[in-house]
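Computed from the coordinates by the stated procedures, all read-outs in this text should not be read as laboratory data. Only a predicted model underlies this, so the values are computations on that prediction, with no experimental measurement involved. Cβ placement follows ideal geometry from the backbone for every residue including glycine, while neighbour counts extend to all protein chains displayed.
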Amino acid sequence: MKKTVLVSGGAGFIGSHVTVELVQAGYDVIIADNMSNCDTTNYEGVCAILGYKPLFIKMDFCDAPAVEKLFAEHKIDAVIHFAAFKAVGESVAEPLMYYKNNLDSFLNVLEASRKSGTNVLFSSSATVYGEPDRTPVTEQSPRKSATSPYGNTKQMCEDFLRDCVAAYGMHGIALRYFNPIGAHPSALIGELPRGVPNNLVPFITQTAIGKRACLSIFGDDYPTPDGTCLRDYIDVVDLAKAHVCAVSRMVEGRMEEPYEIYNIGTGRPESVLELVQAFEKVNGLKLNYRIAPRRPGDVTEVWADPSLAQEKLGWKATRTVEETLASAWAWEKHLAAKAAE
Ligand code: WQD
């Protein structure tokens, strides 16, 4: 019997890649998404890659009766919860919108999962570590007080899951992603930022294609080797595969603790300048960039110690940063070709 995984937010950037990897690993997937932050591009791409259409349900996870109905009508072995707002700056301007949406939706997922005995995988973030005292960070590194409502919702949702697991005999995993970048090698699914991108790689690819005039590198006076910030850029397909490992561990009853947390990163720090130069080299182009003032709220450096995921999930990142940056560029060109049709 195939196991069924519900992917909330499955039409988005990470959810679409996870859907592909789950189906290719033999899972049935139900995608549920309110399409608040995406169009059908990624869902269509998923269908094209897989050669069939996974069940798609348009719904909002803040709608408790709808969530209850979904869980009542389907036997769901595990739910992966992506459905959330994710723009750090917007969350500072609209904290209530972020708290209502990101917390309510997850509480509804937890309630329904509790009733139906469903395993829960929560998409958390390295943002919970804030500015770490020591790098690389392990899962034992202290969480720092959140610097944005968005980051706060990630911490709170981790705590909701921890407490529900402890109280109700549930099983849950939180995956803490570092900086997800890149696209599927088919170039049929990828990141679709609305408006001006906040994140580095979409800004790079949009500058390279001519949608943006110039990339601003936010600060070159950090205490790092080249003065720019250090991050752990994780390929989205590698990241998606970590979800398959985590789901299998849950549904096959292999968890050692009922609530587990894993860092999902490469373990390799990359500076902003190194990333820009790697992008230029692998794609054979010159990027228009300038050094700009620091961006408020940025941490100097954060990267993962991913050894726990390797040991317990049997997962590690495999794609090189060059492959990933080539895939990001192929995706941007695919989008441009589609727009020109
Ligand atoms: C990376 C580096 C910037 C844009 C954020 C969220 C985090 C997570 C991923 C999201 C930094 C620099 C960026 C630009 C630049 N979650 N940069 N010019 O800030 O590490 O993490 O995204 O859902 O929670 O906080 O990622 O890609 O924005 O920045 O120089 O135009 O690139 O200063 O050093 P960040 P990022």
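Going by a ≥ b ≥ c, the root eigenvalues of the Cα gyration tensor, does segment 223-341 fall in the rounded group (a/c under 1.5), the prolate group (a/b larger than b/c) or the oblate group?
In terms of gyration-tensor shape, oblate.
Which order do peptides 47-57, 270-280, 116-126 fall in by mean Cβ count within 10 Å, highest first?
116-126, 270-280, 47-57
At a Förster distance of 35 Å, what's the computed FRET efficiency of LYS58 paired with ASP159, Cβ-Cβ distance as r, to 0.05?
Efficiency at R0 = 35 Å is approximately 0.75.
Could you give log10 I(q)/I(0) at q = 0.06 Å⁻¹ for the chain, computed by the Debye formula over C-alpha point scatterers of equal weight, without solvent?
Reported log10 I(q)/I(0), two decimals: -0.20.
Between rounded, prolate and oblate, where does segment 291-341 land on the alpha carbon gyration tensor, with a ≥ b ≥ c its root eigenvalues, rounded for a/c under 1.5, else prolate if a/b exceeds b/c?
Judged from the Cα gyration tensor, segment 291-341 comes out oblate (a/c at least 1.5, b/c at or above a/b).
Based on other C-beta atoms within 10 Å, arrange THR318, THR19 from fewest to most.
The order, fewest Cβ neighbours first, is THR318, THR19.
Eigenvalues of the Cα gyration tensor times 5, then square-rooted: what semi-axes does that give for segment 1-113, in whole angstrom, largest first?
Square roots of five times the eigenvalues give 24, 18, 10 Å.
Using the Karplus equation 6.51 cos²θ - 1.76 cosθ + 1.60 (θ = phi - 60°), what ³J(HN,Hα) coupling, rounded to whole Hz, does each residue of segment 171-187 give in order, writing x for Gly and Pro?
10, x, 10, 10, 9, 9, 7, 7, 9, x, 9, x, 8, 4, x, 6, 6
Answer rounded, prolate or oblate for segment 261-308, using the Cα gyration tensor with square roots of eigenvalues a ≥ b ≥ c: rounded when a/c is under 1.5, else prolate when a/b is larger than b/c, else oblate.
oblate
Could you give each residue of segment 223-240 its phi-based ³J(HN,Hα) in whole Hz, using Karplus coefficients 6.51, -1.76, 1.60 with θ = phi - 60°, and x for Gly or Pro?
x, 10, x, 10, x, 9, 5, 10, 9, 10, 8, 9, 4, 5, 6, 4, 4, 4
So what is the relative contact order for the chain, in percent, with contacts set as C-alpha pairs under 8 Å and at least six apart?
19
Calculate how many DSSP beta bridges within the chain are antiparallel, expressed in % of all such bridges and rounded to the nearest 5.
Just about 5 percent of them are antiparallel.
Could you put LYS75, LYS3, LYS241 in order, starting from the residue whose Cβ has the fewest other Cβ atoms within 10 Å?
The fewest-first ordering by Cβ neighbours comes to LYS75, LYS3, LYS241.
Order of MET170, MET1 from fewest to most other C-beta atoms within 10 Å?
Going from least to most buried by this count: MET1, MET170.
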